[in-house]
1. Using modelled amide H (1.01 Å from N, peptide plane; none on Pro or chain starts), what sits under 5 Å from the amide H of B:Val54, excluding residues fewer than 5 places away?
2. For the stretch A:52-106, report the translational diffusion coefficient in µm²/s to the nearest whole number, using Stokes-Einstein at 25 °C, 0.890 mPa s, and a Kirkwood Rh over Cα pairs.
3. Among A:Glu216, B:Glu141, B:Glu207, which comes first, second and so on when ranked by fewest other beta-carbon atoms within 10 Å?
4. Taking amide H atoms as placed 1.01 Å from N in the peptide plane, list the residues 5 or more away in sequence, or in a different chain, whose amide H sits under 5 Å from that of B:Asp232.
5. Determine the principal axes of the Cα atoms in the stretch A:133-249, then give the extent along each, sorted from largest to smallest and rounded to whole angstroms.
6. Quick one: what does P(r) look like for the stretch B:151-226 with 10 Å bins over all Cα pairs, in whole %?
7. Can you tell me the length gained on complete extension of the stretch A:Leu108 to A:Leu84, counting 0.36 nm per residue apart and subtracting the Cα distance?
8. Can you list the HN-Hα couplings for the stretch A:213-222, worked out from phi with the Karplus curve (6.51, -1.76, 1.60; θ = phi - 60°), rounded to whole Hz and with x for Gly and Pro?
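Derivation of every value follows stated rules applied to the coordinates shown; laboratory data play no part. Note that the coordinates shown come from a computational prediction; the quantities given were computed from them, not determined experimentally. No Cβ is skipped: glycine too gets one built from the backbone with ideal geometry, and neighbour counts run over all protein chains shown.
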Amino acid sequence: MAMRRTTRRKLGRVAMYVLFVAVLAVVVLSADWDRFAQYFLRWDIAREQFPQIITVALRNTLVFTVVSFVGGLVVGTVMALMKLSSIGPYRWFATAYIELFRGLPALLTIFAFAYMLPIAFGVRLPFAPVGAGLLGLVVVAGAYMAEVIRAGIQAVPKGQTEASRSLGMSPMKTMFFVVLPQGLRIIIPPLTNEFVLLLKDTSLLFIAGSTIITKELTTFARDATTTTSNGTVLVMAAMLYLLVTIPLTRVVAYLERRMARSR
Amino acid sequence: MTEARMTGDPTPSGIEPRADAPAIEIIDLHKSFGDHEVLKGISLTVQTGEVVCVIGPSGSGKSTLLRSVNLLEEPTSGTILVEGVDILDPEVDVDRIRTRIGMVFQQFNLFPHMTVLGNLCLAQQRVLGRGRKEAEQVARENLAKVGLADREGAYPAHLSGGQQQRVAIARSLSMNPDMMLFDEPTSALDPELVGDVLEVMRTLANEGMTMMVVTHEMGFAREVGDRLILMDDGLVVEDGDPREVLANPQEPRTQAFLSKVL
């Protein structure tokens, strides 16, 4: 006897749920949770990490993120303007820069800045060794942001430039007072996204090496894992990352909805 | 420089504007976009204080002509003198010339990230070097003139099209220009908002402002214009007193165009 179409669909859905819960249960039940807790969820070890995991590790992660974001914004703006320039060599340089540092793994770039730069120029950057690695992160951030900023600038209607120029404003003044403020507003959502990506990429700074006071979250957790022979601190670091990134991605979603409405 | 100008009216030109020179003098102006020639040799003179309206079918080159006067379009060849200054001379500071030429666009082009007052003050402060107080005072005078004294704190998005266009006019006036260019200033407006903008333009004309207006408003052209120019296919077809041109057009092309729009 033929079932009604909606009944059949409902039954199919129930079967999918049952299968899903069954798989989940098998995975959860087959794990050895006591052993897991022993290696990854030790309260005594967790408690020992305070306050350094916040006052040093999380703080450094945030400071490095902000520094590389602001630096990347400056580098990215310069590269975007060069890429939009009418002067050929500027355009070529910006294109080469963007292609190079977007094409390389961030880890390699940080490594290069941390070790190659001091050797090539015989300089030690402040906060060595992490300072040089941070410069590498700025350079990578600048390459990614350059394309976003360029898109923002190009999204500003041509009439804005024409109105500004017809008032006697020079190309430079037009860019800084009329086009850039509008372009940056347009790209707030992708820039916030870039901030989240950078926050995670600060974990790559471990390759530059670190001292006790320059450890960021991942380095801190890796070192603590070695000294305690236990993975609890890695879990703590993971939770601290999420504590920052999840609210931020909510902010991005909110900003995107607001932008969509205002258009 | 002088030999090159022998074909037209040999007005001596220099870098400094001269009071006795016509406001705008265009001699044999050509402009091409790629293979497409939009202006095919335009010559015309706008005297100081004159209101010249330019009409014509779309694609006839009216806007391109107007935009050439403040170099938003770079002419392919020809000469443009603004108050006796050859603006195509590489020695001439285009930004300085532009401060003397107000421009009003079809799409208003107000700066959306600034308040009305901010829109009016930006170029005064950044280009003319006026202090904030002085700039705001000039801005308020001009806002009062266009009937929007109470909207100085508003953002453009919160104004109607007609209000935005009046703010745009006030923004241009705040630079104390010697002449104003209007590029279809009422074409993007709802019909009931056109009147306010035309009223402001009429006031300006009565105050003796030199104006070049690309428009489809035949009523405005007839009542306010000192001269009417009809363009077609990159050329000036007819140039004369608006009442006469509109009442008995001499050229068949003018007749054809007017029969469609009137």
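1. Answer set, sorted by chain and number: B:Val213, B:Val214, B:Thr215, B:Ile229.
2. Working: Rh = 13.0 Å.
Value of D from the Cα-based Kirkwood radius: 189 µm²/s.
3. Working: A:Glu216 26, B:Glu141 14, B:Glu207 9.
Ordered from fewest to most neighbouring Cβ atoms within 10 Å, A:Glu216, B:Glu141, B:Glu207 come out as B:Glu207, B:Glu141, A:Glu216.
4. B:Val237
5. 69, 27, 19
6. Pair shares across the bins are 18, 54, 26, 2.
7. Values: separation 24, 0.36 × 24 = 8.64 nm, distance 2.81 nm.
Stretched out fully, the A:Leu108 to A:Leu84 stretch lengthens by 5.8 nm.
8. 7, 9, 5, 9, 3, 5, 4, 4, 5, 4
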